[in-house]
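Okay, structure first, notes after.
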Amino acid sequence: MYLTLIILPLLGSIASGFFGRKIGISGSHFITCSSVIITTILAINSFYWSGLNNIPVTINVQDE
């Protein structure tokens, strides 16, 4: 979920930037606004779990 907070706005802007002419103005607005709304909901959810409930969050990055 925490990686989605970073990637989702980036994917929305890339989709609007590269495919904006093909999907039209309303499609571009829909993709951008929906990615921002979903990111906001996920950010509020993660703030609730980590900030208000005092649950520590660790993200392990391992080399393979």
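The values are calculated or read from the model by the stated rules, or taken from the named source; none is laboratory data. Since the model is a prediction, treat every value here as computed from it, not as a measurement. Accessible surface is based on the protein model in full, side chains and every heavy atom, while ligands, DNA and RNA are left aside. Shrake-Rupley method; radii C 1.70, N 1.55, O 1.52, S 1.80 Å.
Table for the structure above
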{"item": "Of residues in segment 1-35 being β-branched (Val, Ile, Thr) and under 16 Å from the mean Cα position of the chain (by Cα), the one farthest from Trp49 (Cα to Cα)", "result": "Ile14"}
{"item": "Segment 42-56, subset at pLDDT below 90 and open to solvent by less than 70 Å² (accessible area, probe 1.4 Å), residue nearest to Leu3 (Cα to Cα)", "result": "Ser46"}
{"item": "Selection count, segment 9-41, where residues are open to solvent by 40 Å² or more (accessible area, probe 1.4 Å) and of a type outside the set (Lys, Arg)", "result": "21"}
